[in-house]
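Visitor: The following block contains the structure, expressed as structure tokens.
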Amino acid sequence: MDKRTNEEWIADLRAGGDQQAQALEDLRAIILRGLPYAIAGRLDPSSPESKALAEEVVQETLLRVLDNLDTFEGRSQFTTWAHKIAVRAALTELRRVRWREVPLPEMGMNDGEDNSYRELSDDQASPEDQVDRKDMMMRINRLIMEELTEKQRKALTAIMEGFPLEEAAQRLGMNRNALYKLMHDARLRLKKRLAQEGFTPQQVLSVFERVGK
């Protein structure tokens, strides 16, 4: 079933009807056979989780292959190209699974709230510098609360916490492009307000560079 040349794969998958259906079934079997071993560094190939993941992403992979036949340049075996698409889909799904049970973080300014994830530590900084940075972060946090909408705050906090863009977008009920637009608008609003408060871009960057480190 995998003895086709690159040209034969392309021709069969473009043919439609039974010829295309058989090529898709053959490609499906090849992907299911090889994908668990391609992601062995993340999941044991013999585990039920690995096999379930392969089953989950194979249909998406076949659709992507059909949609992108014109982009195949023949620099590798067609099945190798298709496997790369499957691996990317599987790794994306693994990242989504990792974050699926993590609640979307909230940003707030309640006195009793634990804001430790936004407190900055730097062993090489003097106590005075650490106090200054913490004060700056609290001021920036206040501006974020005052200036941004609830959805913009949730998006900003999720990205700062390391959520994948796809997962953050899904949690917020939007697609990736809409999330980009939301974040762009939020950055513009913050940039204007921060300038009014006397913050320089370098000061703000110095704070956010240390978040999550």
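Visitor: Starting from the Cα of V131, step 7 Å along the direction of its Cβ; do the same at R33; then give the gap between the two resulting points in nm.
Guide: Taking the two extended label points, one gets 6.9 nm.
Visitor: Right, next: Using a 1.4 angstrom probe on the protein heavy atoms only, line up W81, W9 by accessible area, largest first.
Guide: Values: W81 45, W9 5 Å².
Highest to lowest solvent-accessible surface, that is W81, W9.
Visitor: For region 1-98, what does the alpha-carbon gyration tensor say about shape, rounded, prolate or oblate, given a ≥ b ≥ c as the root eigenvalues, a/c under 1.5 as rounded, and a/b over b/c as prolate?
Guide: Numbers: a/c = 2.01, a/b = 1.87, b/c = 1.07.
Judged from the Cα gyration tensor, region 1-98 comes out prolate (a/c at least 1.5, a/b above b/c).
Visitor: Another question, then. Can you give me the long-range amide H partners of E161? Hydrogens built in the peptide plane at 1.01 Å from N, cutoff under 5 Å, separation of 5 or more residues or another chain.
Guide: It is none; the list stays empty.
The values are calculated or read from the model by the stated rules, or taken from the named source; none is laboratory data. No experiment lies behind these values; they were computed from the predicted model shown. Every residue, glycine as well, gets a Cβ built from its backbone with ideal geometry; the counts of neighbours run over all protein chains shown. The area values use the complete protein model at the heavy-atom level, side chains included, leaving out ligands, DNA and RNA. Shrake-Rupley method; radii C 1.70, N 1.55, O 1.52, S 1.80 Å.
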